[in-house]
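Presented below is the structure to which this report refers.
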Amino acid sequence: MKYYSTNKKVSGVSLKDAVVKGLAEDKGLFMPDSIKTLPQSFFDTIETLSFQEIAYTVADAFFGEDVEAEALKKIVYETLNFDVPLVHVDDNIYSLELYHGPTLAFKDVGGRFMSRLLGYFIKKQNDTKVNVLVATSGDTGSAVANGFLGVEGIHVYVLYPKGLVSPIQECQFTTLGQNITALEVDGTFDDCQALVKSAFMDEELNAKLKLTSANSINVARFLPQSFYYFYAYAQLKKSDRADNVVMCVPSGNFGNITAGLFAKRMGLPVKRFIAANNLNDIFLQYLQTGKYTPRPSISTIANAMDVGDPSNFARVLDLYSGSHVSIASEISGVSYNDEQIAETLRTCYKETGYLLDPHGACGYQALKDRLTENETGVFMETAHPAKFLETVETIIGEKVEIPMRLQEFMKGEKKSLALSSDFEVFKRYLMTI
Ligand SMILES: *Cc1c(COP(=O)(O)O)cnc(C)c1O
């Protein structure tokens, strides 16, 4: 399969190059030349298949031409060694719990898949070491670092803003050691991102080092997210609820929902999608006006969705050939402020006993507000509530149990290297690695 750029000045790129480069040279995002439709027989029997079997079928449609069957199967099975249960919450609403992976957030799926695919290409071609630079405000860093932990031929540098990530998040990438280095930047998340961007553009650095990024612009991180949409459908089918399915996705950079749109394009019978936003509702405004107007992000309690210029919007546009009418006919949008998110979380917990995290709360509320009687709604529960411990405990007025896996991280010794936000200092450091 070849990949083209959403800016249309680059095409015919191999999977390996698309994964290693991350972003196309014309600054566009890579898209596969074609999206295969899966056969009806697959959907007829999908409820009899395991998550890994379903995922492998989907992965084969995307990557089968470029990765040998056995290797691809291994990548899929290693990535998905945890369950993604569909839990009934109330009425016709289900939660797809995407948080049972190593860092308790859905980004584990893409992080692990990408690390193994990149590792596969490097090993196969005996390539020089690849350095992954990732700026994080919390969750991306932990998922990417844990995904890449111990993968040969790759070293990960996580840049995070000093004092601005939660202690739980911080310990998930500062205690790992091995091929993971945490860089504590004296600045904001934007400073971290600016350092990474400058590094990618610096000629001297790129002549010396192979640098790549691991955020959701990378095809190897974002495409595998389509796996669990199929699995959600399979689980609904098992309980005879697979008609008129509405998928609702708490969205920030729109990588997750775009993977869902790809799944639909492959034939998955989803009636429509809802993009749930916090106050950063640029997409909703696009749906309402037909104009895309990015603006600086506002900070909210669902902070993984504090994005003012969603990078995967370019992919959504491309998928629908730029047609606002087509986009608005398949996707609707909602936006909630912090008070509404807190109220949803509190009420849902009180009335159903189900504990949401602030991101999942946006998804749940969107279904409460928008689902019609004959529809079945699934929202993506993107993170474990304990990842947002203080926020969630304050809202419900109770202690939240911290899963063992998180507690293990918290026992580790924090190791990080302090950096200023000055690019020259960062560059000098990279020149010595
Ligand atoms: C990253 C993240 C999101 C947003 O996902 P996108 O793919 O960027 O739209 C939502 N919730 C949580 C918990 C996240 O970590």
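The values are calculated or read from the model by the stated rules, or taken from the named source; none is laboratory data. For clarity, every value in this text was computed on a predicted model and none was experimentally measured. Note: ideal-geometry Cβ built from the backbone for every residue, glycine included; neighbour counts use all protein chains shown. Just so you know, the surface numbers come from the protein's heavy atoms only, side chains and all, with ligands and any DNA or RNA stripped out. Shrake-Rupley method; radii C 1.70, N 1.55, O 1.52, S 1.80 Å.
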If the requirement is being open to solvent by less than 10 Å² (accessible area, probe 1.4 Å) and either of a type in the set (A, V, I, L, M) or within 16 Å of the ligand (Cβ to nearest atom) (or both), which of these qualifies: Ala263, Ala207?
Ala263
Looking at the range 96-117 only, could you name the residues that are basic (Lys, Arg) and more than 10 Å from the ligand (Cβ to nearest atom)?
Arg112, Arg116
Only residues that are within 16 Å of the ligand (Cβ to nearest atom) and buried (at least 24 other Cβ atoms within 10 Å of the Cβ): list them for the range 147-164, please.
Gly147, Val158, Tyr160
Verdict on Asn277 being within 13 Å of the ligand (Cβ to nearest atom), surrounded by fewer than 24 Cβ atoms within 10 Å (Cβ to Cβ), among the polar types (S, T, N, Q) and over 21 Å from Thr45 (Cα atoms):
no
Elements of type strands (runs of 3 or more DSSP E) contained in the range 1-99, each with 1 or more residues being surrounded by fewer than 15 Cβ atoms within 10 Å (Cβ to Cβ)
86-90
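For every residue, the table says whether it meets (1) within 15 Å of the ligand (Cβ to nearest atom); (2) over 20 Å from the mean Cα position of the chain (by Cα); (3) among the aromatic types (Phe, Trp, Tyr); (4) closer than 30 Å to Val392 by Cα.
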residue: Thr289; (1), (2), (3), (4): no, yes, no, no
residue: Asp318; (1), (2), (3), (4): no, no, no, no
residue: Val325; (1), (2), (3), (4): no, yes, no, no
residue: Tyr354; (1), (2), (3), (4): no, yes, yes, yes
